[in-house]
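Report on the following structure.
The values are calculated or read from the model by the stated rules, or taken from the named source; none is laboratory data. Just so we're clear, the structure is a prediction, and the values are computed from it rather than from any experiment. Here the Cβ positions follow ideal geometry from the backbone for every residue, glycine too, while neighbour counts run over all protein chains shown.
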């Protein structure tokens, strides 16, 4: 808990600008994998059948549970809360866009964030950090490590959703000199997109008609982005190893929105073609299986003693049961369903939930909440023996750790990391010619009007 005499004393110390960290352990390794919209109701049947072996391994040797989201469930707001431990009211990123005095929409950018993210704090403490594909990471920030902003995915496609490399936009990568090293991954991903789609989605054996043709076409950019981010992360593990590696993948959310009705057609009160059901019934499970394979590949490249954190910003469930919305979505998360949390590594306790006879994992209803999205950054700081801050809305999730670990790694709190200066330099607008394209996509997904 944040309240008490010890945290108050520590707050006084940190408020004077002193660091409360213990002896620094440069061997600390963390993999933070953000999977947008990951849902327990989809995961558990796949886990039972042994089709997600790498996630299953993490769960069997670590802790797992639900994690409370925010309402409204807007990705920029939630993922910035994950990265800062603070609410949108404090970190200043409440939505996808902001409107100027004339009513014109503009995308939020990193310089508009009002507080430091975990990558700023760890960099200041001397730890190397690689961040790839995170929401609101453009322009890339100067950190001790590498930041590849989410703008790379937007930069690769034109209005016809076909791969195209447009003019270079400054600020997509830090250090900027690495951009040339990343271009081959982008080019290769575009050229092999059709093969990549088969890898993630499988092969379709029935004729494809509308609206499924459009659904597939409009999903290509998200799959392309995930593939680029994954390969860039793997490359950085070789060329620029870091103490903490953070990777965001968004395809799990988009595929869930688009294709849920084919996975569970019995929930919907309108006709769905037999061909479409045959083609796309396994679309969402296939994507989950693909992500599990990526996870296994990443774990092979990481230190065997690293702490692995998998987190989703929210869950998902069927929606628009009487008819699809204007964008043909058939699942949503507007009510803020809890997300997924899995943590494994040194000092992490083993979850012990009641499991029905003949099953390997508990029912979703038996999986408790382990915390909220704002708790991720305080817990990451704790892994580094750094104090969480009292001005954060999240807390250290001590329930994740073994008792003996907690006895030798006492959770501590200090007042604020902001006393060392803000993470962002100013409120300058970094609008680029590609912002309109991204805004059009957000409208297509239904996140903005």
Task: Search result, residues across the stretch 217-251 that are under 15 Å from the mean Cα position of the chain (by Cα) and either assigned to a loop (DSSP other than H, G, I, E, B) or more than 22 Å from residue 117 (Cβ to Cβ) (or both) - done: 222, 223, 227, 250, 251
TODO: Just name the residue that is farthest from the chain's Cα centre (by Cα) out of those in the stretch 339-394 that are closer than 20 Å to residue 52 by Cα and part of a strand (DSSP E or B).
DONE: 344
Task: Every residue from the stretch 80-109 that is touching a strand residue (DSSP E or B) at 6+ places or on another chain (Cβ under 9 Å) and farther than 28 Å from residue 405 by Cα - done: 96, 97, 98, 99, 100, 105, 106, 107, 108
TODO: Within the stretch 351-367, identify whether any single residue is within 15 Å of residue 33 (Cα to Cα) and surrounded by 12 or more Cβ atoms within 10 Å (Cβ to Cβ), and answer yes or no.
DONE: no
Open item on the list: I need the full set of residues from the stretch 255-305 which are in a helix (DSSP H, G or I), more than 25 Å from the chain's Cα centre (by Cα) and farther than 21 Å from residue 196 by Cβ, in order please.
Closed with: 265, 266, 267, 274, 275, 276, 277, 278
Open item on the list: If a residue counts only when it is modelled with pLDDT of 95 or more, which helices (runs of 4 or more DSSP H) contained entirely in the stretch 1-63 have at least 2 such residues?
Closed with: 40-48, 53-61
Open item on the list: Is it the case, given these coordinates, that residue 146 is modelled with pLDDT of 80 or more, in contact with a strand residue (DSSP E or B) (Cβ under 7 Å, 6 or more places away or on another chain), within 22 Å of residue 253 (Cβ to Cβ) and not in a helix (DSSP H, G or I)?
Closed with: no
Open item on the list: Pull out all pairs, ordered by first then second residue, where Cβ-Cβ is under 7 Å, the residues are six or more apart or on different chains, the first lies in the stretch 194-212 and is on the phi > 0 side of the Ramachandran plot and assigned to a loop (DSSP other than H, G, I, E, B), and the second is surrounded by 13 or more Cβ atoms within 10 Å (Cβ to Cβ) and at pLDDT 85 or above.
Closed with: 202/282; 202/286
TODO: Can you confirm whether the stretch 93-106 contains a residue that is modelled with pLDDT of 95 or more, buried (at least 18 other Cβ atoms within 10 Å of the Cβ) and at positive phi?
DONE: no
TODO: Scan the stretch 84-119 residue by residue and report those that are part of a helix (DSSP H, G or I), farther than 23 Å from residue 226 by Cβ and touching a helix residue (DSSP H, G or I) at 6+ places or on another chain (Cβ under 9 Å).
DONE: 84, 88, 90, 91
Task: Residues of the stretch 64-83 classified as crowded, with 19+ Cβ neighbours inside 10 Å and part of a strand (DSSP E or B), total - done: 4
TODO: Determine whether the stretch 156-172 contains at least one residue that is crowded, with 18+ Cβ neighbours inside 10 Å and modelled with pLDDT of 80 or more.
DONE: yes
Task: Count - residues of the stretch 265-300 that are surrounded by fewer than 16 Cβ atoms within 10 Å (Cβ to Cβ) and in contact with a strand residue (DSSP E or B) (Cβ under 9 Å, 6 or more places away or on another chain) - done: 1
